[in-house]
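The structure under discussion appears below in the form of structure tokens.
The values are calculated or read from the model by the stated rules, or taken from the named source; none is laboratory data. Given the structure is predicted, the values throughout are model-derived calculations rather than measurements. Backbone-built Cβ (ideal geometry, glycine too); neighbour counts: all protein chains shown. Heads up: the accessible areas ignore ligands, DNA and RNA and are worked out on the full protein's heavy atoms, side chains in. Shrake-Rupley method; radii C 1.70, N 1.55, O 1.52, S 1.80 Å.
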Amino acid sequence: VSIAFDPARHRRETVSGLADGLVRVLGAVAADPSVALADVELLHDDERGRMLRQFNDTAAAVPRECTHELIARWALSAPDRPAVIDGEHSITYAELDARANQLAQRLRGQGVGPDVAVGLCTDRSIAMVVGLLGILKAGGAYVPLHCEHPPARLRRQLASAGAGVLVTQEPLLDRLAEFEGQIVCLDRDSDELGREPSDAPESGTSHEHLAYVIFTSGSTGAPKGVSVTHGNLVNYATDIIGRLGADSEPLSFGL
């Protein structure tokens, strides 16, 4: 899915708007040389209405389900549709939903539930999406950790988020050696996870519960975690899907 953007048109409209504003300023000064620039009205009535009312008229119906529940809906209606494409590998919505459910069942057994932070440190692959969705299905809030970041930063993020459980992959364990909580390796533990029930556990999550905690770059000091609720995530995802015109069929995500 692509969004059309015409840079030339954007520049023309920007220049036109600036020129119109300059003409209004010059006209006001010519009429009254003592006028303060702060008192010069730069916008026409229609422009002011567009900025103050039209641009802020964003009210829209938002599904009451959480994001993982919306994905589960697609798994029922389009089970064989590719959900994630990773190079030559792909996974269907049905397969993704089942594997995420099995991970969620394991995480529930480890005490994960609403507002419980779970670290997620994987490479950029299908495993990342399985881990993310599994954490949400368990009711937890995932904490994305960049697998190439220094171990000290990963350690601080896990501690700051209060994550007692970590979902990762075996090749990354050395970077997380000092983590003292429970660890689920999606590759190493695949056989055990495959024996978990493939139906979704009761998570008890609602729009008010945390969906994820993401950390800032830390360029002005220590990285700080930003908490995002399920309601925030559903609202954003619903708006973006609508803007892309992709709300009539499930999306396929490429990595």
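Under 7 Å between Cβ atoms, at least 6 apart or on separate chains: pull out the pairs that start in segment 105-130 with a residue that is under 21 Å from residue 195 (Cβ atoms) and end on any residue that is of a type in the set (D, E, K, R) and open to solvent by 10 Å² or more (accessible area, probe 1.4 Å).
105/196; 106/196; 126/86; 130/99
For segment 191-226, name all the residues that are under 29 Å from residue 150 (Cα atoms) and out of contact with any helix residue (DSSP H, G or I) (no Cβ under 9 Å at 6 or more places or on another chain).
Listed by number, the residues that qualify are 214, 216, 217, 219, 220, 221, 226.
Under 6 Å by Cβ, and 6 or more places apart or on different chains, what pairs join a residue from segment 144-157 that is in contact (Cβ under 8 Å) with a residue 12 or more places away in the chain and of a type in the set (A, V, I, L, M, F, W, C) with one that is part of a loop (DSSP other than H, G, I, E, B) and open to solvent by 60 Å² or more (accessible area, probe 1.4 Å)?
147/123
Mind checking whether some residue in segment 236-255 is touching a strand residue (DSSP E or B) at 6+ places or on another chain (Cβ under 9 Å), open to solvent by less than 30 Å² (accessible area, probe 1.4 Å) and not in a helix (DSSP H, G or I)? Outline the logic, then answer.
Pass one, segment 236-255, residues touching a strand residue (DSSP E or B) at 6+ places or on another chain (Cβ under 9 Å): 236, 250-255.
Still in the running and open to solvent by less than 30 Å² (accessible area, probe 1.4 Å): 250.
Next cut, not in a helix (DSSP H, G or I) only: 250.
There is at least one residue in segment 236-255 that is touching a strand residue (DSSP E or B) at 6+ places or on another chain (Cβ under 9 Å), open to solvent by less than 30 Å² (accessible area, probe 1.4 Å) and not in a helix (DSSP H, G or I).
Residue 27 is checked against (1) open to solvent by 50 Å² or more (accessible area, probe 1.4 Å); (2) of a type in the set (Gly, Ala, Ser); (3) more than 30 Å from residue 134 (Cβ to Cβ) and fails just one. What number does that condition carry?
(1)
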